[in-house]
Amino acid sequence: MIEILNDDQLSRARRAGALVGTILHTLRERAAVGTNLLELDRLTGKMIRDGGGVSCYIDYAPSFGNGPFGHYVCTAVNDAVLHGMPHDYVLADGDLLTLDLALTVDGIAADAAISFIVGESKDPADVALIEATEEALRAGIAAARPDGRLGDISNAIGTVLKAAGYSINMEFGGHGIGSTMHQEPHVANNGRAGRGYRLRPGLLLAIEPWVMADTDKLVFDADGWTLRSATGSRTAHTEHTIAITESGAEILTLPPK
């Protein structure tokens with residue numbers, strides 16, 4: 001299903017996106033050396049409730065997971081990249097942490113992810129990995145224009161990631177979003193410009209470049225959810241929910257100014 005949102009739904013999407021951006025901003029500030037991932041998960045749950053939102057993850061049970069997920073935020077550390085299940089782990093200096101959050105406000109969803117390094121020890125290779133996903137996200141958003149094609153976004157993302165030297169996994173990518181968290185169309189992180197679904201005002205997309213340092217192969221963790229790089233290499237994942245408007249892409253999940 002591909003949804004085209006009306007003005008009222010877009011207003012609710014903006015509220016959902018603002019709450020996602022605020023929570024991720026707060027979690028980034030709280031994710032210090034010595035912080036337990038379960039503390040971040042509990043804080044996320046409280047902030048969702050206090051902000052009038054509903055978690056998309058607690059009851060989430062897709063075919064690929066060992067569901068329901070049962071937590072409020074995905075916490076992927078170091079070689080984990082997607083669907084990281086919070087567990088009893090204390091963050092250490094130099095950990096590369098990805099936080100991925102989706103929620104609804106008044107029935108409309110928003111979804112975003114950030115990657116960053118905890119503490120003071122910042123490996124240049126990790127910094128480059130994160131920066132590549134951020135640059136790819138900016139390129140994908142810039143390519144999201146009314147009457148453009150879905151392939152324009154995918155091509156822009158893939159061009160940046162390949163130029164940075166990373167291989168691209170095509171199993172998981174971005175997606176449509178609206179009254180449910182995951183909808184069509186699938187937004188691959190590589191593709192051909194000028195191809196695919198025509199972008200229309202009112203379409204919401206979650207665009208999410210992610211890479212692993214030296215592989216495009218994933219393996220499942222024992223928890224049945226967390227996806228890790230097959231080689232144990234570091235990973236990064238960056239995401240925003242955008243709305244296609246008459247004038248271009250509006251980013252809904254920005255952090256507070």
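The values are calculated or read from the model by the stated rules, or taken from the named source; none is laboratory data. This one's a predicted model, so the numbers in the text were calculated from it and none came from an experiment. No Cβ is skipped: glycine too gets one built from the backbone with ideal geometry, and neighbour counts run over all protein chains shown. When the accessible area is computed, the model is the full protein with side chains, heavy atoms only, and any ligands, DNA or RNA have been set aside. Shrake-Rupley method; radii C 1.70, N 1.55, O 1.52, S 1.80 Å.
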Within segment 201-227, work out how many residues are open to solvent by 10 Å² or more (accessible area, probe 1.4 Å) and in contact with a Ser or Thr (Cβ under 8 Å, 6 or more places away or on another chain). 10
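Here is a yes/no grid of residues against (1) under 26 Å from MET85 (Cα atoms); (2) among the β-branched types (Val, Ile, Thr); (3) open to solvent by less than 30 Å² (accessible area, probe 1.4 Å); (4) in contact (Cβ under 8 Å) with a residue 40 or more places away in the chain:
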| residue | (1), (2), (3), (4) |
| --- | --- |
| MET1 | no, no, no, yes |
| LEU5 | no, no, yes, yes |
| GLN9 | no, no, no, yes |
| ALA16 | yes, no, yes, yes |
| VAL20 | yes, yes, yes, yes |
| LEU24 | yes, no, yes, yes |
| VAL33 | yes, yes, no, yes |
| LEU43 | yes, no, no, no |
Yes or no: GLU250 open to solvent by 50 Å² or more (accessible area, probe 1.4 Å) and under 19 Å from the mean Cα position of the chain (by Cα)? yes
Would you confirm, using the coordinates I've provided, whether VAL160 is out of contact with any strand residue (DSSP E or B) (no Cβ under 9 Å at 6 or more places or on another chain), within 14 Å of ALA236 (Cβ to Cβ) and without any contact (Cβ under 8 Å) to a residue 60 or more places away in the chain? yes
Answer from GLY94, GLY65 - the residue that is within 19 Å of the chain's Cα centre (by Cα) and touching a residue at least 12 places away in the same chain (Cβ under 8 Å): GLY65
Report, by residue number, each residue of segment 27-43 that is assigned to a helix (DSSP H, G or I) and more than 15 Å from ALA76 (Cα to Cα). GLU29, ARG30, ARG42, LEU43
Taking segment 232-247 and keeping only residues that are open to solvent by 10 Å² or more (accessible area, probe 1.4 Å) and farther than 21 Å from THR75 by Cβ, one is left with THR245, GLU246, SER247
Candidate set: segment 202-230, residues that are assigned to a loop (DSSP other than H, G, I, E, B), touching a residue at least 60 places away in the same chain (Cβ under 8 Å) and more than 15 Å from THR75 (Cα to Cα); chosen: the one farthest from the chain's Cα centre (by Cα): GLY202
Looking only at segment 216-237, count how many residues are farther than 18 Å from PRO124 by Cα and touching a strand residue (DSSP E or B) at 6+ places or on another chain (Cβ under 7 Å). 9
Given (1) touching a strand residue (DSSP E or B) at 6+ places or on another chain (Cβ under 6 Å); (2) assigned to a loop (DSSP other than H, G, I, E, B), where does GLY67 come up short, assuming only one miss? (1)
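Could you tell me whether segment 166-179 includes any residue that is more than 13 Å from the chain's Cα centre (by Cα), under 18 Å from ALA110 (Cα atoms) and in a strand (DSSP E or B)?
no
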